[in-house]
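> The structure is given below, and queries will be raised subsequently.
The values are calculated or read from the model by the stated rules, or taken from the named source; none is laboratory data. Keep in mind that this is a model prediction, so the values were computed, not measured. With ideal geometry, Cβ positions are generated from the backbone for all residues, glycine too; neighbour counts draw on all protein chains shown.
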Amino acid sequence: MNPYVLTTLILSLGLGTTLTFASSHWLLAWMGLEINTMAIIPLMAQQHHPRATEATTKYFLTQATAAAMILFASTMNAWTMGDWNINQISHPLATTTVTLALALKIGLAPMHFWLPEVLQGLNLTTGLVLSTWQKLAPFALILQISQNTNPALLTTLGVMSALVGGWGGLNQTQLRKLLAYSSIAHLGWMIIILQFMPALTLLNLTIYITMTSTMFLSLKIMASTKINSLALAWPKTPTLTTLIMLSLLSLGGLPPLTGFMPKWLILQELAKQDLPITATIMAMSALLSLFFYLRLCYTTTLTTFPNTNNTTSPWRLKSTQITLPLTITIILTLMLLPVTPAITTMF
Amino acid sequence: MFYVEILSMLLLVLGLVAVASNPAPYYAALGLVLAAAAGCCVLVGHGGSFLSLVLFMIYLGGMLVVFAYSAALAAEPYPESWFDLSVFSYVVVYILGLMVVGLCFFEGWYDGFWVVDELKEFSLLRGDFGGVALMYSLGGWVLVVCGWVLLLTLFVVLELTRGLARGALRAV
């Protein structure tokens, strides 16, 4: 792509998120969300093959619908209650509509159907941007409306997302769809704790972004988008193969890795709020996700793929890709659990 | 005046039904013209004359004309009008739905539209052009952001339709 256009689009992505972060008025927040949607559309379609175009179209339609719903909800609230402030949204119809609209924007169940198909049509870099950066602006709004939303709605969205993310990912062999369902499950965990301790939602979001970045960047270096090709990719970089296994276990939420931190803190808070059944259901649904992460660990690292004897292994050449971001995110994905007290003070 | 306002609202809704029932783009654009014109008349009826004229000029005279030229590029030999069965079933369903909703919510005339017309006939500064003046004065940097968004949309559209076969949308 033309470097000037690429710069414009990436800077506009930054502008959109910054606008939504900095706004207290619903219209300005909506503008930021629309700028984000507009700016990422050509990045998604830049390979110009029909699958990418299809993914771009689906993404545009869902995000435009969600943005229109946000506009309707804020106008409803302004009409009935006279307030355009983001955290003063109080009319029950408006808060429900805006919660559902933001859930559609980030891909919570039952509004998740677009996420696997859209993510599958993109290359890994754009998929990374979609899974991480594009979640920040809607979450800024979700955190601000958290106190006014219907608790039953939030609990339903959270539990359903965790279950759908678990069950949906079980049947996937394409890694981008698998990461999409993993994203849905993590979003479920973020939403379930929103009404009790929004700081934990933010902590979970940060750690999820770190872990997902690790996965996408590792897959980019291994140049694999299917379980089959990931299974044969270990000769390229055996070190990274081991680290991928550990990152997957961190995504699954196993101690002593970082991914355990949000799950532990969320379950503890749910128990303190006298919701043992919800906590149990969430923990059980995490087992479903853990199964497909473990399947990936098996095929990638723990077992040798049953290919024929005369296949050639790839040469172990020095990669020409920039590996610094991956280095940083891998360390954060694996080593942050002992400093949990420091992390909790940051949120 | 009462009759004109009712007629405008009726034509607005019928024009939107004509668009939403999914005929070929030519006919849908025709429905949009009807809906936009009727919407402008509704606006005039509530005191927003400036806004109505600007809407006519920019929406119909600018965007719809460009859309009509683009639709002419995607010409079909047998365009579906509203009287072909697939479209007509949608038209019937929408009109029935409208009648049901109208019967449920039929309450009476709501007089007084403070969005456009705060003090009715007794103010010098009307809602519509007063708002434009505010946009350019106190609106300040948000206006700059809106201008940037328009420029960004131009780049987005150009990038999506770049080149002939290399573009994402058209294989021609």
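> For segment A:168-205, which positions are under 17 Å from A:Thr333 (Cα atoms), within 9 Å of the chain's Cα centre (by Cα) and not small (Gly, Ala, Ser)?
Within segment A:168-205, A:Leu179, A:His186, A:Leu205 qualify.
> Any idea how many residues of segment A:111-125 are polar (S, T, N, Q) and either in a helix (DSSP H, G or I) or within 13 Å of the chain's Cα centre (by Cα) (or both)? So that I can check it myself, show each step before the final result.
Pass one, segment A:111-125, residues polar (S, T, N, Q): A:120, A:123, A:125.
With the extra rule that they be either in a helix (DSSP H, G or I) or within 13 Å of the chain's Cα centre (by Cα) (or both), the set shrinks to A:120, A:125.
So the count comes out to 2.
> In segment A:297-347, how many residues are in a helix (DSSP H, G or I) and either under 30 Å from A:Ala199 (Cα atoms) or not assigned by the TED database to the domain that holds A:Ser224 (or both)?
Narrowing segment A:297-347 to residues in a helix (DSSP H, G or I): A:297-302, A:324-335, A:337-346.
Now narrow it down to the ones that are either under 30 Å from A:Ala199 (Cα atoms) or not assigned by the TED database to the domain that holds A:Ser224 (or both): A:324-335, A:337-346.
Qualifying residue count for the region: 22.
> Return the residues of segment A:37-49 that are more than 9 Å from chain B (Cβ to nearest Cβ) and surrounded by fewer than 17 Cβ atoms within 10 Å (Cβ to Cβ); say none if nothing qualifies.
Result: no residue meets the conditions.
> Can you name every residue in segment B:136-146 that is within 12 Å of another protein chain (Cβ to nearest Cβ) and not β-branched (Val, Ile, Thr)?
Taking segment B:136-146 and keeping what is within 12 Å of another protein chain (Cβ to nearest Cβ), we get B:139, B:141-146.
Result: B:Gly139, B:Trp141, B:Leu143, B:Cys146.
> Among the residues of segment A:69-85, is any buried (at least 19 other Cβ atoms within 10 Å of the Cβ) and within 21 Å of the chain's Cα centre (by Cα)?
Checked segment A:69-85: at least one residue is buried (at least 19 other Cβ atoms within 10 Å of the Cβ) and within 21 Å of the chain's Cα centre (by Cα).
> If only one of A:Leu128, A:Leu141, A:Leu108 is under 19 Å from the mean Cα position of the chain (by Cα) and assigned to a loop (DSSP other than H, G, I, E, B), which one is it?
Residue meeting the stated conditions: A:Leu108.
> Within segment A:7-36, how many residues turn out to be more than 9 Å from chain B (Cβ to nearest Cβ) and free of Cβ contacts under 8 Å to residues at least 12 places away in the same chain?
4
> Tally up the residues in segment A:247-264 that are on the phi < 0 side of the Ramachandran plot and buried (at least 20 other Cβ atoms within 10 Å of the Cβ), please. It would help to see each step written out before you state the result.
First, the residues of segment A:247-264 that are on the phi < 0 side of the Ramachandran plot: A:247-252, A:254-264.
This time we only want the ones that are buried (at least 20 other Cβ atoms within 10 Å of the Cβ), so: A:247-252, A:257-259, A:261-263.
Result for segment A:247-264: 12.
> Further, regarding this structure: Hey, among A:Ser131, A:Ser182, which residue is more than 26 Å from A:Ala29 (Cα to Cα) and crowded, with 19+ Cβ neighbours inside 10 Å? Break it down into steps so the answer makes sense when it comes.
Working: A:Ser131 fails: more than 26 Å from A:Ala29 (Cα to Cα).
A:Ser182 is the lone residue from the list that is more than 26 Å from A:Ala29 (Cα to Cα) and crowded, with 19+ Cβ neighbours inside 10 Å.
> Restricting the search to segment B:36-66, which residues are part of a loop (DSSP other than H, G, I, E, B) and of a type in the set (Gly, Ala, Ser)? Can you show your working first?
Quick first cut of segment B:36-66, residues part of a loop (DSSP other than H, G, I, E, B) only: B:46-48.
Once the filter is applied, which keeps residues that are part of a loop (DSSP other than H, G, I, E, B) and of a type in the set (Gly, Ala, Ser), segment B:36-66 yields B:Gly47, B:Gly48.
> Could you please tell me which pairs satisfy a Cβ distance under 6 Å, a separation of 6+ or placement on different chains, a first residue in segment A:161-179 that is buried (at least 23 other Cβ atoms within 10 Å of the Cβ) and at pLDDT 95 or above, and a second residue that is part of a loop (DSSP other than H, G, I, E, B) and among the aliphatic types (A, V, I, L, M)?
A:Ser161/A:Leu108; A:Ser161/A:Ala109
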